[in-house]
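Structure first, then comments.
Every read-out reported here was derived from the displayed coordinates using simple, explicitly stated rules and does not represent laboratory data. These numbers were taken from a predicted model, which means no experiment stands behind them. Cβ placement follows ideal geometry from the backbone for every residue including glycine, while neighbour counts extend to all protein chains displayed.
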Amino acid sequence: MPHKRKKVRPTEQRNPRTRGLDLLSTHHLLRALNREDATVPRAVAREIPAIARAVETITHALNNRGRVFYVGAGTSGRLATLDASEIPPTFGVSPDLIQAVIAGGTRALTHAVEGAEDSSSQGAKDVLARRITKRDVVIGIAASGSTPYVLGALAAANRIGAETIGITSNRSSPLAKSVKILIAPNTGTEAITGSTRLKAGTAQKLVLNMLSTATMVRLGRVYDNWMVGVALTNQKLRKRGQRILEEASGANASESARALRQAGYDPCTALIMLKKQVGATEARRRLRAANGNVRKALGEFRK
């Protein structure tokens, strides 16, 4: 009886378009890499319906005292940590809202801790240590969709009743069967066989950008397309925040600077002060009553 050949995951198969890669000139090598990268946005675009469902789920959770946990190993975990770390300063929200859990802990951010991803029990333990509840969302990220650490975390989340979302490049993977919402851009074979830090990693970065950005927009942490929630923690950001405030409110430079000072350098509060002609205390009250949603605090609602 012939031996049955094991099916190779799409992300692990050899790419016929990049054979002889190491023999190319630098210019043609870069052209080849760029051609492969160009396929990624189209793959992500096909997943927009699933990404939209995920955004609505995350927004609902955060509006109801829930939290979001990204879980990943290696490149996936590092990309997740990057996205989670950038949300508080960009949108002015608590770092507790969206957190990253990476196999191997903080050391894995700068060093390869490859064995850490092999333990499903550790994945469960690490996510349970965050005291997740059914109000929370756990997002598992794994290019192949088979990382034990991530699968263990998702299994624990499912047992508790939390919402689960998966980001993978393998639609027929164990991860795909472990989540309520699946986001699976088909990035295909990598330019370098098996190096999922390339196209699969790029897709993960694009999806994470979309999830977090769209969620913050839905939560009202963006006004029109201005980054009004930005934390003004240095001189560069204070100048940027004042420029945004001038454009968004129509006030002049001196009025905007004065409102920012009175608002304790909170652009959302300053914007309400300027547009509604109220003091800082009243502006903060309106913002709290609107759960941080700037449009609602202004009495404006999206169609």
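At 27 angstrom or more along the helix axis (alpha-carbon based) and mean Kyte-Doolittle of -1.0 or higher, what helices does the chain contain? Whole DSSP H runs only.
Counting only whole DSSP H runs, the qualifying helices are 199-218.
Quick one: which residues, 5 or more positions from Ile139 or on another chain, have an amide H under 5 Å from its amide H? H modelled 1.01 Å from N in the peptide plane, none for Pro or chain starts.
Counting only residues 5 or more places away or on other chains, the set is Phe69, Tyr70, Val71, Ile165.
Over the chain, what relative contact order in percent results from Cα pairs under 8 Å that are six or more residues apart? Can you show the working numbers first?
Numbers: 538 pairs, mean separation 57.4, N = 303.
Relative contact order, the chain: 19 percent.
Of the listed values (i) 19.9; (ii) 18.7; (iii) 15.2, grab the one calculated as mean projected area of the Cα convex hull in nm² from the structure here.
Correct label, based on the coordinates given: (i).
What is the stretch 26-83 by shape, rounded, prolate or oblate, if you read a ≥ b ≥ c off the alpha carbon gyration tensor as root eigenvalues and call it rounded for a/c under 1.5, prolate for a/b larger than b/c, and oblate otherwise? Write out the running numbers ahead of the final one.
Values: a/c = 4.73, a/b = 1.94, b/c = 2.44.
Because a/c hits 1.5 or more and a/b fails to exceed b/c, the stretch 26-83 counts as oblate.
Enumerate the calculated ³J(HN,Hα) couplings along the stretch 11-22 in order (Karplus 6.51 cos²θ - 1.76 cosθ + 1.60, θ = phi - 60°), each rounded to whole Hz, writing x wherever the residue is Gly or Pro.
Whole-Hz 3J(HN,Hα) from phi for the stretch 11-22: 6, 9, 6, 7, 8, x, 7, 10, 5, x, 4, 6.
Which shape class applies to the stretch 188-243: rounded if a/c is under 1.5, otherwise prolate when a/b exceeds b/c and oblate if not, where a ≥ b ≥ c are the square roots of the Cα gyration tensor eigenvalues?
Prolate.
Shape of the stretch 229-303 from its Cα gyration tensor (a ≥ b ≥ c, root eigenvalues): rounded if a/c is under 1.5, otherwise prolate when a/b > b/c, or oblate?
prolate
Could you point to the residue in Thr196, Pro148, Met216 farthest towards the positive end of the stretch 119-221's charge dipole, with +1 and -1 charges on the Cβ of Lys/Arg and Asp/Glu respectively?
Met216
Under a point spin-label approximation (7 Å from Cα along Cα-to-Cβ), what is the Gln235-His27 distance to one decimal in nm?
So the two model labels end up 4.4 nm from each other.
Would you mind telling me the antiparallel percentage of the DSSP bridges in the chain, rounded to 5?
Restricted to the chain, the bridges split so that about 5 percent are antiparallel.
If you count the DSSP beta bridges with both ends in the stretch 91-235, what percent of them are antiparallel, to the nearest 5?
Rounded to the nearest five, the antiparallel share is 10 percent.
If you place +1 on the Cβ of every Lys and Arg, -1 on the Cβ of every Asp and Glu, and leave all else neutral, what size is the dipole of the stretch 157-270 about its Cα centre, to the nearest 20 Debye?
320 debye
Go ahead and estimate [θ] at 222 nm for the chain from helices alone: -39,500 (n - 2.57) per DSSP H run with n ≥ 4, summed, over the residue count, rounded to 500. Intermediate values should be presented prior to the final figure.
Numbers: 12 runs with 143 residues, N = 303.
Calculated at 222 nm, the ellipticity per residue is -14500 deg cm²/dmol.
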